[in-house]
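What follows is one structure encoded as structure tokens, with my remarks underneath.
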Amino acid sequence: MKKLLSILAVSVFAFSANAGTLDDVKNRGFLKCGVTTGLAGFAAPDDSGEWTGLDA
């Protein structure tokens, strides 16, 4: 029972932290993420020299 309560308590804090993050993304209008520049096909510099791409 203690283990279940601990898991529930941690879940509440995790979901509240994610809610703030989701609000930040919605307000910003785009998602910021990091890309690995050493893997071909996942990232490349754009015309202005900034690295863009995707990585999951």
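Quick note: the coordinates plus some simple rules give every number you see, no bench work behind them. These numbers were taken from a predicted model, which means no experiment stands behind them. With ideal geometry, Cβ positions are generated from the backbone for all residues, glycine too; neighbour counts draw on all protein chains shown.
Brief remarks follow.
- Put in order of Cβ neighbour count within 10 Å, fewest first, the listed residues Thr37, Thr52 become Thr52, Thr37.
- Pairwise FRET efficiency - Ser6 versus Leu31, Cβ, R0 = 25 Å, nearest 0.05: 0.20
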